[in-house]
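Here is the structure we will look at.
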Amino acid sequence: MSKGEVVLLDCWASPFCLRAKIALAEKGVEYEARAENLFGGKKVPVLLHDGKPLCESTIIVNYIDETWPSPPLLPSCAFERAKARFWSDFIDKKYATYGKARARSPAKNEFIEILKQLEGALGEKDFFGGDSFGFVDVIAIPLTCWFYAVEEFGGFKVENECPKFSAWMNKCMQRETVARILPDPEKVYEFVIMLRNMFGIE
Amino acid sequence: MAEVKLHGTLLSPFVYRVIWALKLKGVPYEFVSEDLSNKSALLLKYNPVHKKIPVLVHGGKPVCESMVILQYIEETWPQNPSLMPNNPYDRAHARFWIKFAEDKGVAVWKMFRSTGQELQNTMKEALEMLQTVEEHGLGEKKFFNGDNIGLVDLAFGSIVYWLQVIEDAVGVKLFESHKFPRLHAWLENFKQVPIIEENLPNQDEMLVVFKRRREQLVASA
């Protein structure tokens with residue numbers, strides 16, 4: 001299973017680092033995690049494979065999937081892969097719109113609307129790719145540990161507004177890798193409060 | 001082979017990326033012209049999330065987002081020629097530049113629609129994008145993909161070729177050859193690839209259309 005030395009430059013609160021960690025864990029790849037200071041200016045995650053660097057979490061997950069093919073994260077059919085890429089791109093575009101607001105929460109309606117669109121992509125399936133945990137699940141699940149903060153500030157519960165999405169989250173959390181790697185949402189909530197104090201957000 | 005249809009508009013840089021990819025692979029397709037001011041029921045059915053073109057429909061199944069389409073084309077018709085590197089690390093680098101083109105190329109389209117301070121801001125973003133690509137993207141290679149063009153070249157090809165027309169329509173000058181010698185040389189090589197040369201819209205004709213659109217945008221601003 002080992003194919004050279006793997007190092008991940010990491011930060012515990014970053015959902016993008018979590019994507020890489022979950023992908024590596026799903027593949028059973030051993031790696032060294034080097035903790036970086038979130039405010040140190042360095043961009044994380046960075047994957048170093050035999051010293052060769054790669055950045056951008058979605059690209060890193062794609063690379064991990066190609067380099068250690070089993071079990072596969074992306075589907076084998078080109079059309080299904082295109083759908084996975086489309087939804088991964090959708091998630092990142094929406095995050096770019098709202099996530100850059102430095103811990104300011106998205107408006108409740110916009111947030112629910114995004115989750116409903118993702119529910120549409122899920123349909124009746126257990127996971128985005130079908131029966132198995134796959135690429136889009138890896139891309140999406142780490143962002144959900146920020147939901148508790150969004151719920152607290154917005155005064156609503158994802159479970160009530162988007163039960164299908166909530167059910168998908170629970171299925172992911174039943175995976176050993178996800179349960180082990182995702183930080184406690186309350187810890188993230190405290191971190192968000194700290195960020196808001198730092199940036200003077202009410 | 002299942003039928004291939006490309007839904008799009010004329011003069012869209014995103015549509016041209018797909019046209020170039022299909023022609024390079026020798027894949028026959030039917031072009032379906034869409035009126036964006038009056039979107040067809042079919043377009044809304046194929047792309048309910050973004051409601052945009054291009055949409056590639058292969059055997060009745062739709063694929064949306066130009067760079068997702070390009071990767072789909074590469075995977076479905078992998079030979080003749082290959083448009084992505086053949087090892088995972090170089091492919092990851094290609095994907096990085098594809099993402100960069102998508103994220104930062106937006107400045108060029110925004111430039112076309114903006115005036116005043118916003119125009120100054122988008123011009124600055126577009127310049128930064130060009131500088132990064134000039135310094136880090138090409139190296140000493142002829143194309144982003146090496147000796148032959150690939151998906152990254154198609155991504156930047158549409159951005160830079162359209163930028164030349166947008167600059168003129170807006171009345172600014174960003175892409176100067178003394179500032180961006182590598183990119184200028186690359187663009188000349190890109191335009192001389194036979195399939196590209198045969199499938200480039202005429203910049204003078206584009207300018208007429210873009211100038212008119214620009215006047216309308218500025219008037220309603």
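Tabulated values for the structure
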item	result
Theoretical FRET efficiency, 1/(1+(r/R0)^6), r = Cβ-Cβ of residue A:180 and residue A:66, R0 25 Å, to 0.05	0.55
Per residue Cα convex hull volume in Å³ - calculated over segment A:78-199	101
Per-residue average of Cβ from other chains inside 10 Å of A:73-86	5
Loop-located chymotrypsin sites (Phe, Trp or Tyr not before Pro) in segment A:1-88, at most 13 other Cβ atoms within 10 Å (DSSP)	A:39
Residue-span extension gain [residue A:93 to residue A:187] - 0.36 nm each, minus C-alpha spacing	31.3 nm
Student exercise, the protein assembly as shown dipole from Lys, Arg, Asp, Glu Cβ charges, in Debye to nearest 20	560
Residue A:46 long-range amide H proximity, modeled H, under 5 Å	A:9
Accessible area of chain A divided out per residue, in Å², using a probe of 1.4 angstrom	48
Trypsin sites (Lys or Arg not before Pro) lying in DSSP loop within segment B:152-221, provided at most 14 other Cβ fall within 10 Å	B:173, B:179
Gain in span if fully extended, residue A:76 to residue A:152, counting 0.36 nm per residue against the direct Cα distance	23.4 nm
Shielding by partners - mean other protein chain Cβ count within 10 Å, residues of B:67-73	4
Nearest-20 debye value, segment B:6-144 charge dipole, Cβ charges on Lys, Arg, Asp, Glu	320
Reach of residue A:43 by Cα under 18 Å, taken over aspartates and glutamates that are not fewer than 8 positions away in the same chain	A:10, A:32, A:56, A:92, B:103
Full-extension gain in nm, residue B:184 to residue B:134, via 0.36 nm per residue minus C-alpha separation	17.1 nm
Over 26 Å between alpha carbons, listed pairs A:94/B:5; A:171/B:52; B:61/B:141; A:21/A:94; A:21/A:83; A:94/A:187	A:94/B:5; A:171/B:52; B:61/B:141
Largest-first principal axis extents, alpha carbons of segment B:10-119, Å	45, 35, 23
Length-normalised contact order of chain A in % [C-alpha pairs under 8 Å, at least 6 apart]	22
Nitroxide proxy distance, nm - points 7 Å out along Cα→Cβ at residue A:109 and residue B:202	4.9
Relative contact order %, chain B, counting alpha carbon pairs below 8 Å whose residues are six or more apart	20
FRET E, pair residue A:167, residue B:39, Förster distance 56 Å, beta-carbon r, rounded to 0.05	0.95
Per residue Cα convex hull volume in Å³ - calculated over segment B:88-220	105
Surface share of carbon and sulfur [accessible, 1.4 angstrom probe, percent] for the protein assembly as shown	51
Phi to ³J(HN,Hα) by Karplus 6.51 cos²θ - 1.76 cosθ + 1.60 over segment A:72-86, Hz, x for Gly, Pro	x, 9, 7, x, 7, 7, 4, 5, 5, 5, 4, 5, 4, 5, 4
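The values are calculated or read from the model by the stated rules, or taken from the named source; none is laboratory data. The structure presented is a predicted model; accordingly, all values stated were derived computationally and were not measured. Counting neighbours? That spans all protein chains shown, and the Cβs are built from the backbone with ideal geometry, glycine included. Areas reflect the complete protein model, heavy atoms only, side chains present, ligands, DNA and RNA absent. Shrake-Rupley method; radii C 1.70, N 1.55, O 1.52, S 1.80 Å.
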